[in-house]
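Below is one structure, written out as structure tokens; comments come after it.
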Amino acid sequence: MGVVSGRRRQGKSYLLRSLAEVTAGFFFEAVQATEAESLRMVGAELAAYAGAPAPYAFTNWDDALASLFALGDGRAAVIIIDEFPYLADASPSLPSLLRRALDRRGPSMGSGNQARILVCGSAMSVMGRLLGGNAPLRGRAGLEIVLKPFGYTEAARFWDLADPRLAATVHSIVGGTPAYRRQFVRDDAPADMADFDDWVQRAVLNPDRPLMREARYLLAEETDIRDPALYHSVLAAIANGNGRWGAIAGYIGRKSSDIAHPLNVLEDCGLIGKEEDAFRSGRAVYRITEPLITFYEAVMRPHWGDLEQGLGGQVWADSRQRFSSAVIGPHFEAVCRDFVTSRGRDLFGRPVGRVAAGTVGDPSGREQIQVDVAVLGPAEAGQPREVISLGEAKWGETLGVRHLARLDRARSILTDKGFDTSHTVLACYSGVGFDDELRAIARGSDVMLADLDMLYGQ
Ligand SMILES: Nc1ncnc2c1ncn2[C@@H]1O[C@H](COP(=O)(O)OP(=O)(O)O)[C@@H](O)[C@H]1O
Ligand SMILES: [Mg+2]
């Protein structure tokens, strides 16, 4: 048995259908239905697959599983059940029945059955529950794939955007979700930077395109979310730069304890992630992991009525400031951290333990320096933690010596605090570039300057 999970629209069904096609396997995609109706659908599709003249009439899952597994008697057979959580919702005993079916036919039973069964689902919380703790299927999966969105460089290739500036800008809205390149925009990608504003209006802020309502559906489709208003407020708080627990609670006007549950659910769905500060333990920020949600909360939700009226052009014209401060600015910082996470070892010539944003406060408490891209070595007991790099990331600003000076100040504070800064590389990441003075300094030292071409490996 193998398990494939991942958020909606990431291409699970697309890949599994392709797999079924090339292996001549059996593919069944469940829908929300009662047990009896689901059994009828499986019976019909299995009969069609086997070339039987009439649908099989299964009265329970034991019979259906027996027929499914029979496909693997004496021959390798790929059997794929997509949206498995819908079936398990209607038939809570299904996971246990499946386990029994697997155990009876396992290699150690000498049954000669060669069924390879893949179960797949988007309800992340349900998929987690199937395998974890004392769940019935625990320990039965020989393969576990979590399908993630494309990374920012893969997304650029998938969107066929050779210009890194355009690729980064588009990625800050639609991220790396493959479906948002296809049906959701009817394959409409911006031709070049000059076409970008128009593309936003025709593909994203357009009530006739499904992408406009997608962020709402994403939340509405999560079965664990019963109070979408609260969840949207939590996401809006984060999108507006209130990422810490207390700040989120303050923004939405609830007690801190009230937001524990929504934060957990959103984290389980893979829509937000929690990131510990690089330098201060116990100080975490939440970040939205799906760019479209940030864009929705920052740009679309405040003007929803206008957007429904087809006034996307006006909304976009009025939202430029918010787009740069709430969407693409923070997004660029995250992209820089992704860049270092995947390339850190080549860049700095040493193993990277952790990449995160960090807060460096001087001992007097007067000064707080935010480090956008802090790179730490692997933690080793009894050794001072190595600071591999300290970086400043700015999407829309030419970086200069004063930015470098701040990083240098952070480095000396960290040295005083007992971190190992003997090899710390100061790094400047910019979406526009660096002034001449900074360039001159970087030439003669190990200061790293990273522009968009470098981030996109060009
Ligand atoms: N690897 C891929 N290559 C090209 N298109 C893809 C890929 N993955 C997904 N897509 C597009 O995204 C759409 C949604 O994918 P889907 O398989 O329905 O997602 P999921 O099952 O994870 O919800 C597909 O119909 C397809 O157009
Ligand atoms: Mg699917």
Mind checking segment 334-437 for trypsin sites (Lys or Arg not before Pro) that DSSP puts in a loop (not H, G, I, E or B) and that have at most 12 other Cβ atoms within 10 Å?
Arg366
Would you tally the net charge around Arg244, using a Cβ to Cβ cut-off of less than 14 Å, leaving Arg244 out, and scoring K and R as +1, D and E as -1?
+1
What net charge do the residues around Pro55 carry, taking every other residue with its C-beta under 15 Å from that of Pro55, with Lys and Arg at +1 and Asp and Glu at -1?
-2
With a length cut of 20 Å (Cα positions projected on each helix's long axis) and a Kyte-Doolittle mean of at least 0.5, go through the chain and give me the DSSP H helices that pass.
none
Note on segment 334-455: alpha-carbon gyration tensor, axes a ≥ b ≥ c; rule is a/c under 1.5 for rounded, else prolate if a/b larger than b/c, else oblate; result oblate
Could you let me know the centre-to-centre spacing of segment 40-56 and segment 9-37, using Cα atoms, in angstrom?
15
Mean projected area in nm² (Cα convex hull; one quarter of hull surface) for the chain:
26.6
Report the Cα centroid-to-centroid distance between segment 127-183 and segment 353-424 in angstrom, as an integer.
30
By the gyration tensor of its Cα atoms, with a ≥ b ≥ c the square roots of the eigenvalues, what is the shape of segment 2-146: rounded for a/c under 1.5, prolate for a/b over b/c, or oblate?
rounded
Work out the P(r) tail for segment 10-58: percent of alpha carbon pairs separated by more than 13 Å, whole number.
61
Size of electric dipole in segment 158-246: Cβ of Lys, Arg +1 and of Asp, Glu -1, about Cα centre, debye, nearest 20:
260
Report the dimensions of segment 149-318 along its three principal axes from the alpha-carbon atoms, largest first, rounded to Å.
46, 38, 30
Between the alpha carbon centres of segment 217-250 and segment 305-333 the gap in Å comes to 19
Under a plain spin-label model, where a point goes 7 Å from the Cα along Cα-to-Cβ, how far apart in nm are Ser257 and Asp73?
6.0
Once you list every other residue whose beta carbon is under 13 Å from the beta carbon of Pro136, what net charge do they have if Lys and Arg are +1 and Asp and Glu are -1?
+4
With runs of 4+ DSSP H residues as the only contributors, calculate the mean residue ellipticity of the chain at 222 nm using -39,500 (n - 2.57) per run, divided by the residue total and rounded to the nearest 500.
-12000 deg cm²/dmol
Taking each pair of distinct Cα atoms in segment 81-204 once, what is the resulting Kirkwood hydrodynamic radius in Å?
17.7
Based on Cβ point charges of +1 for Lys and Arg and -1 for Asp and Glu, what charge dipole magnitude is obtained for the chain about its Cα centre, in debye rounded to the nearest 20?
980
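Read-outs throughout are calculated quantities, based only on the coordinates presented, and are distinct from any laboratory measurement. Bear in mind the structure is a predicted one, so any value in this text is a computation, not a measurement. Here Cβ is always computed from backbone atoms with ideal geometry, including for glycine, and neighbour counts include all displayed protein chains.
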